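The values are calculated or read from the model by the stated rules, or taken from the named source; none is laboratory data. For clarity, every value in this text was computed on a predicted model and none was experimentally measured. Neighbour counts are summed over all protein chains in view; Cβ atoms, including those assigned to glycine, are modelled from backbone coordinates with ideal geometry. For the accessible areas, the whole protein counts, side chains as well, though only heavy atoms, and no ligand, DNA or RNA atoms are used. Shrake-Rupley method; radii C 1.70, N 1.55, O 1.52, S 1.80 Å.
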Amino acid sequence: MRQFVLPPDYDGSGSIRISGGDAKYILKVLRLKEGEAFPAVDRTGKRFRLQISQTGGGFFTASVQPSEAGAPPDTQTVLMQCLPKGKKLELIVRQAVEAGVSMIIPVESAHSIARINNEREGKKTDRLSKIAEEAAQQSGNRGVPEITPPVTISKLPALLSEKGISGLKLFFHQERLEKGSLHGYLKGDCNSVCLLIGPEGGLSADETDFLLASGFYPVYLGENVLRTETAAIYALGAVNTILMEKNEWKTDIRE
């Protein structure tokens, strides 16, 4: 565990009592004792330092101090993942959180094998949120990414507007639709980058037309056929690397 994720009901006070499986893991697996400290983060991305002050039967109390370690990224990344079949979405969520994503939006598209089932979506979203929390603890992601309930592609623009997300919007496609490059799209300053990944069957022609009309830019994935779970981490890795190295770009190799 790289960091502990504070429970949703943490009220910002200077101490916290932790019990159950979290206490068992910290005391028995990590073998931390009274007086020892470990890093923590809340769901908004604020970082803290917890110092164990008292241990008891299956619980411990810790003091909570704000920590300035690590600055939030300049650009937030949002993954919009078309619903894959089976349990692939769980793998995609875990990998995306490890890659530093800020929000994940499951999307139903024309070629999605999985479909939105309103009676079961609440439990699925809770399950994915738990996976995101575990991945944030393991990877050190800044906060726990929000997992929204699934939406159709036609409702994406409205959802992004509702969430206050107005940055660059990209969709990754198996065919070259325009000559624009990922480097070119990312060269300017933007506070967020949204990445839409299609399902196993790819995006339909009507969907690509809708996305282009809605201000999305297409990114060509290359000739190799990628599984949707591979495409997601491939796209996030490419975007994150460019954003990380952007300030070091040089236009002339001789510089």
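Just a few scattered comments:
- Residues GLU245 and ASP126, FRET efficiency given R0 of 35 Å [Cβ-Cβ distance, rounded to 0.05]: 0.45
- Cα-based shape type of segment 29-93, given that a ≥ b ≥ c are square roots of the gyration tensor eigenvalues and the cut on a/c is 1.5: oblate
- The chain - share of DSSP beta bridges that are antiparallel (%, nearest 5): 40 percent
- Working ranking of peptides 91-104, 233-246, 175-188, 134-147 by packing, defined as the average number of other Cβ atoms within 10 Å per residue, highest first, is 91-104, 134-147, 233-246, 175-188.
- Taking Cα atoms only, the orientation of helix 121-139 departs from the longest principal axis of the chain by about 70 degrees.
- Kirkwood hydrodynamic radius of segment 98-149, from inverse mean 1/r over distinct Cα pairs, in Å: 12.0 Å
- Here each label is just a point 7 Å from Cα along the line to Cβ, and for ARG115 and ALA37 those points are 5.5 nm apart.
- All Cα pairs of segment 1-65, percent lying beyond 17 Å: 31 percent
- Taking the chain and dividing mean pair separation by its residue count, relative contact order in percent (alpha carbons under 8 Å, at least six apart): 20 percent
- In straight-distance terms, cross-link reach from LYS124 covers every one of the lysines whose alpha-carbon lies under 17 Å from its own, apart from those fewer than eight places away in the same chain; here that gives LYS85, LYS87, LYS88.
- Filtered trypsin sites (Lys or Arg not before Pro), segment 1-43: DSSP coil and at most 13 other beta carbons within 10 Å: ARG2, ARG31, LYS33
- Only helices enter this figure: runs of n ≥ 4 DSSP H residues, each worth -39500 (n - 2.57), summed and divided by the residues of the chain, yield -8500 deg cm²/dmol at 222 nm to the nearest 500.
- Pairwise centroid distance, computed over Cα atoms, of segment 163-213 with segment 36-99, Å: 28 Å
- For THR61, solvent-accessible area (1.4 Å; no DNA, RNA or ligand), Å²: 30 Å²
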